[in-house]
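Everything on this sheet refers to the single structure shown next.
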Amino acid sequence: MRQKAIPALETLMSAARTIGNPYLERAKKAGRKIVGVLYDEVPEEIISAAGAVPVLLRGTGSDGTELADPYFRELTCGYTRHTFNEILNGKWDFLDGAVIYNSCDHMRRIYDNWVRRPVSPVYSFIYAPKKGGELARRFYAEQIRDFLHRTEERFCVTLNEERLGAAIRLHNEKRRLQRELYAMQKGRRIALTGTELLLVMMAGKSLPVEDYNALLRKLIASLKSCAETFEPGVRLLYMGAHADEPLFFETLESEGGQIVVDSTGFGEQSCELDVREDADPFEALVSYYFEETPAVPRKFGTAPARAGHLLRLVKDYAVDGVIVTRLTMCDLWAFEQYMLRPVLEKQGIPSLELETDYILQNRGQLATRIQAFVESIRSSRGS
Ligand code: SF4
């Protein structure tokens, strides 16, 4: 628990705890458009280049799925249900646009159902290939070109090189600032608890980038000057998809372990590399999102790269144990847990596989498992 509040940190964390926030309201009042997106393969820079604000679609704050349930079969994951429930609940009515892609078959059903509603902000669906290679790259580039044209039409703007280049620089600045935060997590003492880190990263998908960058600068200055740091008893790495409820993060750290780094699409993976600024902006965006960013489980043939990325994070952040989480019904991450198991075992890295719902139902049970995991790491090293 932090002894002295840091205003910029409080502001960022509070933006992550809700769907809307005062910064979005201000942007909207100033005439900017707000566009809901999904990570990891929608180039947000194209939306920023149009003067609009990209925000991550999520179901934060939902307490049920009654409205959404008739739209989905029972095997659909909680992220999809809760997010669509909040859409039907009117929580996302402030959107001026939405862009969906085929990350997985669960999530793409949000598009199928949303686009058939009497009023829908969805104006683009990106079919992102699951394979690599030149043919798939060309296809992805066509999809992104189509998304770009639809964005131009939607917001009556021409997205020329100058605009795209400026947006790339803006988002790269965000990534550079975020990397400064992660650098502060590598030492024996860390600057942010895992919950703080993850919520700050989530805020990066929830605020106008200009406001976010300004808040991050203030946060980094405060962290460097206030010097309140933490020494984790057990250093954990968190990975998983769409388990983004703040209470879940707090539970992961409730038993004496601390998350020093993550491997998530909204977290470390989103800022590890910059989009190239010395190339044609459109081509640079295609290359970045198609093949340069850390590989994600939906991409065929990338398991060795994903394992290598994880092992590098474990080493760089001196991680004691890895927590791999899947949401109930998430087949993609069930396979990821299965495939990472031998990788971590072979390296002698303790790991814990968790299954949870999008809205935490099983806090006590989870805490018990985390407690046992943390204690087993402690006892194995005799501390
Ligand atoms: S939690 Fe899994 S199934 Fe649900 S949207 Fe994410 S990747 Fe797809």
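Before we move on, is E336 of a type in the set (D, E), open to solvent by less than 20 Å² (accessible area, probe 1.4 Å) and over 30 Å from G382 (Cβ atoms)? Talk me through it step by step, then tell me what you get.
On the way: of a type in the set (D, E): yes; open to solvent by less than 20 Å² (accessible area, probe 1.4 Å): yes; over 30 Å from G382 (Cβ atoms): yes.
Yes: the conditions hold for E336.
Answer yes if at least one residue in region 208-224 is in a loop (DSSP other than H, G, I, E, B) and of a type outside the set (V, I, T), and no otherwise.
yes
Residue-wise test of (1) open to solvent by 30 Å² or more (accessible area, probe 1.4 Å); (2) basic (K, R); (3) in a loop (DSSP other than H, G, I, E, B).
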| site | (1), (2), (3) |
| --- | --- |
| K4 | yes, yes, yes |
| M13 | no, no, no |
| E25 | yes, no, no |
| R32 | yes, yes, yes |
| R58 | no, yes, yes |
| D63 | yes, no, yes |
| R73 | yes, yes, yes |
| N85 | no, no, no |
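Which condition from (1) more than 30 Å from D280 (Cα to Cα); (2) open to solvent by 10 Å² or more (accessible area, probe 1.4 Å); (3) away from the ligand (no atom under 11 Å from the Cβ) is the one that D105 breaks?
(3)
P118 passes all but one of (1) more than 26 Å from E161 (Cβ to Cβ); (2) touching a helix residue (DSSP H, G or I) at 6+ places or on another chain (Cβ under 8 Å); (3) away from the ligand (no atom under 14 Å from the Cβ); (4) not basic (K, R); which number fails?
The single condition P118 does not satisfy is (2).
Only one of D262, D278 is without any contact (Cβ under 8 Å) to a residue 12 or more places away in the chain and either assigned by TED's automatic domain parsing to the domain that holds V55 or farther than 23 Å from A128 by Cα (or both). Can you tell me which?
It is D278.
Does region 109-128 contain at least one residue that is touching a Leu at 6+ places or on another chain (Cβ under 6 Å) and outside the structural domain of I168 (by TED's automatic domain parsing)?
yes
In region 239-264, what residues are among the small types (G, A, S), open to solvent by less than 10 Å² (accessible area, probe 1.4 Å) and within 16 Å of the ligand (Cβ to nearest atom)? Lay out the reasoning, then the answer.
Taking region 239-264 as the starting set, the residues that turn out to be among the small types (G, A, S) are 240-241, 243, 254, 256-257, 263.
Going one step further and asking which of them are open to solvent by less than 10 Å² (accessible area, probe 1.4 Å), we end up with 240, 243, 257, 263.
Within region 239-264, G240, A243, S263 qualify.
Where residues in region 266-282 are open to solvent by 10 Å² or more (accessible area, probe 1.4 Å) and within 16 Å of the ligand (Cβ to nearest atom), which of them is nearest to L56 (Cα to Cα)?
The residue in question is S270.
Which of (1) within 23 Å of I19 (Cα to Cα); (2) under 21 Å from the mean Cα position of the chain (by Cα); (3) assigned to a helix (DSSP H, G or I) is the odd one out, the single condition I144 does not satisfy?
Among (1) within 23 Å of I19 (Cα to Cα); (2) under 21 Å from the mean Cα position of the chain (by Cα); (3) assigned to a helix (DSSP H, G or I), I144 violates only (1).
Taking V55, is it in contact with a strand residue (DSSP E or B) (Cβ under 7 Å, 6 or more places away or on another chain), away from the ligand (no atom under 11 Å from the Cβ) and not assigned by TED's automatic domain parsing to the domain that holds H171? Can you show your working first?
On the way: in contact with a strand residue (DSSP E or B) (Cβ under 7 Å, 6 or more places away or on another chain): yes; away from the ligand (no atom under 11 Å from the Cβ): yes; not assigned by TED's automatic domain parsing to the domain that holds H171: yes.
In short, yes.
If you check A303, A295, which single one turns out to be modelled with pLDDT under 95 and of a type outside the set (D, E)? So that I can check it myself, show each step before the final result.
Values: A303 fails: modelled with pLDDT under 95.
A295 is the lone residue from the list that is modelled with pLDDT under 95 and of a type outside the set (D, E).
Hey, can you tell me all the residues within region 64-98 that are within 13 Å of the ligand (Cβ to nearest atom) and of a type in the set (F, W, Y)?
Passing the criteria: F72, Y79, F84.
Output the qualifying pairs, or none if there are none: Cβ atoms under 7 angstrom, residues six or more apart or on different chains, first residue in region 188-208 and on the phi < 0 side of the Ramachandran plot, second residue open to solvent by less than 10 Å² (accessible area, probe 1.4 Å) and of a type in the set (D, E, K, R).
Between residues of region 188-208 that are on the phi < 0 side of the Ramachandran plot and residues that are open to solvent by less than 10 Å² (accessible area, probe 1.4 Å) and of a type in the set (D, E, K, R), the close pairs are L198/D262; M202/D244.
All but one of (1) open to solvent by less than 50 Å² (accessible area, probe 1.4 Å); (2) more than 14 Å from the ligand (Cβ to nearest atom) hold for P342; state the number of the condition that does not hold.
(1)
Exactly one of these conditions fails for Y111: (1) away from the ligand (no atom under 16 Å from the Cβ); (2) without any contact (Cβ under 8 Å) to a residue 24 or more places away in the chain; (3) touching a strand residue (DSSP E or B) at 6+ places or on another chain (Cβ under 9 Å). Give me its number.
(1)
Output yes when any residue across region 150-163 is under 29 Å from M13 (Cα atoms) and either surrounded by 15 or more Cβ atoms within 10 Å (Cβ to Cβ) or in contact with a Ser or Thr (Cβ under 7 Å, 6 or more places away or on another chain) (or both), and no when none is.
Checked against the condition, which is being under 29 Å from M13 (Cα atoms) and either surrounded by 15 or more Cβ atoms within 10 Å (Cβ to Cβ) or in contact with a Ser or Thr (Cβ under 7 Å, 6 or more places away or on another chain) (or both), region 150-163 yields no hits at all.
The values are calculated or read from the model by the stated rules, or taken from the named source; none is laboratory data. Bear in mind that the values here come from a model prediction, so they are computed numbers and not experimental data. Note: ideal-geometry Cβ built from the backbone for every residue, glycine included; neighbour counts use all protein chains shown. SASA here: full protein model, heavy atoms, side chains in, ligands and nucleic acids out. Shrake-Rupley method; radii C 1.70, N 1.55, O 1.52, S 1.80 Å.
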